[in-house]
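Inspection log for the structure reproduced underneath, given as structure tokens.
Just so it is clear, none of the values below were taken in a lab; they were calculated from the coordinates. A quick note: this is a predicted structure, and the numbers were derived from the prediction, not measured.
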Amino acid sequence: MAKDVLCEVNSCKYWANGNKCNASSIYVVSHHGSNQARNSEETDCKTFEPKA
Ligand code: SF4
């Protein structure tokens with residue numbers, strides 16, 4: 001289980017100073033078919049929500 005999530009996406013409402021993520025959990029998805037990401041560019045945080 002990931003204990004600390006560092007994130008640079010400061011347009012997300014869960015983002016906090018110091019590149020911290022305040023979400024209680026995050027869901028990471030694959031862009032590539034059948035969940036077979038081949039590199040980090042093919043994954044993304046689905047928990048992202050834009051700041052209001
Ligand atoms: S929810 Fe995802 S995009 Fe938003 S701060 Fe956390 S890790 Fe980053």
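Annotations for the structure displayed:
- Take every Cα pair under 8 Å whose residues are at least 6 apart in sequence, average their separation, divide by the length of the chain, and the relative contact order is 33 percent.
- Counted over all Cα-Cα pairs of the chain, pairs farther apart than 15 Å make up 49 percent.
- Per-residue ³J(HN,Hα) for region 26-39, Karplus 6.51 cos²θ - 1.76 cosθ + 1.60, θ = phi - 60°, Hz, x for Gly and Pro: 10, 10, 9, 10, 9, 7, 8, x, 6, 6, 9, 4, 9, 7
- 5 angstrom amide H check on T47, placed H, neighbours 5+ away: Y27
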